[in-house]
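The structure appears below as structure tokens.
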Amino acid sequence: MSRIVFRNARLFDSAEATLKPHATVVVEDEKIEAVSFSSPPMPALHDDQVFDLDGRVLLPGLIDAHVHVTATVSDFFQLTLIPQSLITAQTKDVLDAMLSRGFTTVRDAGGADSGLVRAVENGHFAGPRLYIAGRAISQTGGHGDPRPEFFQGMRCVCCGALGLLGHVADGVPAVRRAVREEIRNGAHHIKVMAGGGVSTPNDPLDGTQFSIEEMRAIVEEARAAKTYVMAHAYSPEAIQRAVQCGVRSIEHGNLIDENTARMMVDHDACLVPTLSTYAAITRRGKALGWSDAMLHKTAIVTDQGLHALKIAQDAGVKIGLGTDLLGDMMVDQLEELTLRERVMSPAQILRSATAVNAGIMGLAGQVGEIVPGAFADLLVLDGNPLDGLALLQDEKKRLAVMKGGRFHVNRLPCAS
Ligand code: ZN
Ligand code: ZN
């Protein structure tokens, strides 16, 4: 197979969070074969396909570390009423759109199953590399148990919605079994609901979920399977309990305080804020039928979102990037980048969305960096994202999206 060569690129070095001029990147099959910096560039081989980027910016493909690709509507209970075959069909469009936006890897935080992973790997669906949690482990009445009040039907919620709804388990033996079951079904990581949530009716935001013994057992089982745990948590108490039990990745974290941020640094835990989902729900939640109680919870976490990011940043917490958008609101995925610009620089934000996320997911050197041996997951931009990340929201400025050496989007003029 002939090689693909990008010349005269300004390359975003995601480890250093800087742009480096005069880059040549050689892609062979699905991997990056070579990266060099020289002007004039290295000569191309006879049958290389060469793209002269003329100073345009080459980024590693973006990573979204908190998605729910099967959440095709935003009401979790409604999701249980959609046939799984239809959700799968809708998810095909979700994945395609994410890849078109430049996200070449995503981490599902509950819902996607190994069938979807294989559908992408085998080329049935165009989409980002998909890493899944399977069903999120939740206690009865926790954030992964969306049954409405007084709903006593025997319908088991965990069967609905391709498992977007949680895997409800109570007690140490049951949570161990739940983790083992998710691993058996192909989960790459484990998701646990460690505190109250916005989109569920009866769990207070500042409440904690699961006992310490249960959470420790969940982490122990994940480690036994050589993986890690991501935990949904808002309040300092919920975050502290999760971190003390060995959870690696704290999701949302909007109500974090300085003490808790320091504790996260001490435990080498990372934070994956998801600001875009609150912005989207604030704009559209009412029209989508969200209850006043849920919108009230949204208002609380929205107000605190940027403040939490600043606290984590100042404490030196590793900050990843997630979105957590549901249903039609997923179109706002790239807004996560611009929302953060009030606290972080564009270069830092891009680093979160590439190298930091790759590290959180245990994929350093494979994705999130443009280095020899990594997957050829690349994004070409017309303009300088370090001047402002709104650039990425303009579809016409996203000149090319490549995943594994194959173009998903290509608007580049070919030089040879
Ligand atoms: Zn969550
Ligand atoms: Zn989520």
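The values are calculated or read from the model by the stated rules, or taken from the named source; none is laboratory data. Model, not experiment: these values are computed from the prediction. Ideal geometry is used to build each Cβ from the backbone, glycine not excepted, and the neighbour counts take in all protein chains shown. With ligands, DNA and RNA removed, areas are computed over all heavy atoms of the protein, side chains included. Shrake-Rupley method; radii C 1.70, N 1.55, O 1.52, S 1.80 Å.
Remarks
- Binning the C-alpha pair distances of the stretch 253-298 at 5 Å intervals from 0 yields a P(r) profile of 5, 18, 22, 15, 12, 12, 10, 5, 1 %, listed from the shortest bin outward.
- Pairs of lysines in the chain (C-alpha under 20 Å apart; 8 or more residues apart or interchain): 7
- Build a GNM of the chain with springs between Cα atoms under 10 Å apart, and of ARG241, ARG184, ARG406 the one that fluctuates most is ARG184.
- Tilt relative to the chain, helix 275-284 - C-alpha long axis, 0 to 90 degrees, to 10: 70 degrees
- Computed with a 1.4 Å probe on the full set of protein chains, the accessible area for SER138 sits at about 0 Å².
- 3J(HN,Hα) along the stretch 74-90: 8, 9, 4, 5, 4, 4, 5, 8, 8, x, 4, 5, 5, 4, 4, 5, 5 Hz, from the Karplus curve 6.51 cos²θ - 1.76 cosθ + 1.60 with θ = phi - 60°, whole Hz, x for Gly and Pro.
- Solvent-accessible heavy-atom area per residue, rounded to whole Å², over the stretch 62-333 at 1.4 Å: 38 Å²
- Of ARG216, ARG107, ARG342, the one that fluctuates the most in a GNM where the chain has Cα springs shorter than 10 Å: ARG342
- Solvent exposure, largest accessible area first (probe 1.4 Å, DNA, RNA and ligands not counted), of HIS22, HIS143: HIS22, HIS143
- What the Cβ-Cβ distance of GLN84 and HIS46 gives, at R0 = 60 Å and to the nearest 0.05, is a FRET efficiency of 0.75.
- Here the gap between GLU237 and GLU16, fully extended at 0.36 nm per residue and compared with their Cα-Cα distance, gives a gain of 76.2 nm.
- The magnitude of the dipole of the chain, with charges of +1 and -1 set on the Cβ of Lys/Arg and Asp/Glu and taken from the Cα centre, is near 380 debye.
- Accessible surface of LYS396 - all protein chains present, 1.4 Å probe, nearest 10 Å²: 150 Å²
- Placing unit charges on each Cβ (+1 for Lys and Arg, -1 for Asp and Glu) gives the stretch 62-333 a dipole about its Cα centre, and among SER85, CYS245, ALA217 the Cα reaching farthest toward its positive end belongs to SER85.
- Computed with every protein chain present, the accessible area of ASP382 is close to 60 Å² [probe 1.4 Å].
- Accessible carbon and sulfur surface of the chain relative to its total accessible area, %, 1.4 Å: 50 percent
- Cα-projected label distance for SER291 with HIS307, points at 7 Å along beta-carbon direction, nm: 2.6 nm
- Model label points for VAL331 and ASP170, set 7 angstrom from Cα along the Cα-to-Cβ axis, are 4.2 nm apart.
- The stretch 7-18 - phi-based ³J(HN,Hα) in whole Hz, Karplus 6.51/-1.76/1.60, Gly and Pro as x: 10, 6, 8, 9, 9, 7, 7, 6, 6, 9, 6, 9
- Of the residues LEU386, LEU399, LEU81, the one that moves most in a GNM of the chain with alpha-carbon contacts below 10 Å is LEU81.
- For the stretch 345-416, the per residue solvent-accessible surface stands at 38 Å², with DNA, RNA and ligands left out and a 1.4 Å probe.
- Compactness relative to 2.2 N^0.38 Å, alpha carbon Rg of the stretch 62-333: 0.92
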